[in-house]
Amino acid sequence: MSTAASHPLTRRRLVAGAAAASAALALPHALAQAPAKPALVGPLAPNPAEFKKTREDFIGKATPQAEGLHVDIPVLADNPGAVPVKAKITLPITEQDWCEEMIVVAELNPTPLSCRMYFFADTGTAEAAVRIRLSQSQTIYVLARMKSGTVLQAKQMVTVAASGCGM
């Protein structure tokens, strides 16, 4: 057990204690005044109108369904300059119905359409693996249109460690 006699009050301990107390009192005030993360502007700014138009043009009058399209997209992207996106149609591919087209759309990228792929009945499967660049944390959509007119949709929120479009 320590006593006051074993730790005499010195000027050094007094100054160190005062500095620690001042820092502890100032920290909450400094955190409250920390500037918010600035929104992306200029060429890196999100283009919500283009995202909406791209998605609506692809979907048309169909109602997207979630079943039949499997995506594998990481939740955390440590390299936003090359985020892997894998998509696969899990519905049966037949001569009457196959995936004609698949797109990858990044909701908050300056140019939302990241990739467009076309498939044919002879392919026998509809799956793709691509890498896309993300400007910030956002939701990635994968849309697929079947020959029958059915539209499939899957999405995944991705958190990026740093901006990839400004690299």
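The values are calculated or read from the model by the stated rules, or taken from the named source; none is laboratory data. Just so we're clear, the structure is a prediction, and the values are computed from it rather than from any experiment. Glycine gets a Cβ as well: all are built from the backbone with ideal geometry, and neighbour counts include every protein chain shown. These area figures cover heavy atoms from the full protein model, side chains too; ligands, DNA and RNA do not enter into them. Shrake-Rupley method; radii C 1.70, N 1.55, O 1.52, S 1.80 Å.
Structural remarks
- Solvent-accessible area per residue in the range 69-160 equals 48 Å², computed with a 1.4 angstrom probe and all protein chains kept.
- Within the range 69-160, all pairs of alpha-carbon atoms sorted by distance into 5 Å bins from zero give the percentages 3, 15, 27, 23, 14, 10, 6, 2, 0.
- Cβ-based charge dipole, the range 69-160, positive-most Cα from Gln136, Val83, Met157: Gln136
- Electrostatic dipole magnitude of the range 69-160 [Cβ: Lys, Arg +1; Asp, Glu -1; Cα centre; debye, to 20]: 240
- Local electrostatic count at Ile140 - Lys and Arg +1, Asp and Glu -1, tallied over other residues with Cβ under 14 Å: +3
- What the phi angles of the range 106-111 give under the Karplus curve with 6.51, -1.76 and 1.60, with θ = phi - 60°, is a coupling list of 9, 3, 10, 7, x, 10 Hz, glycine and proline written as x.
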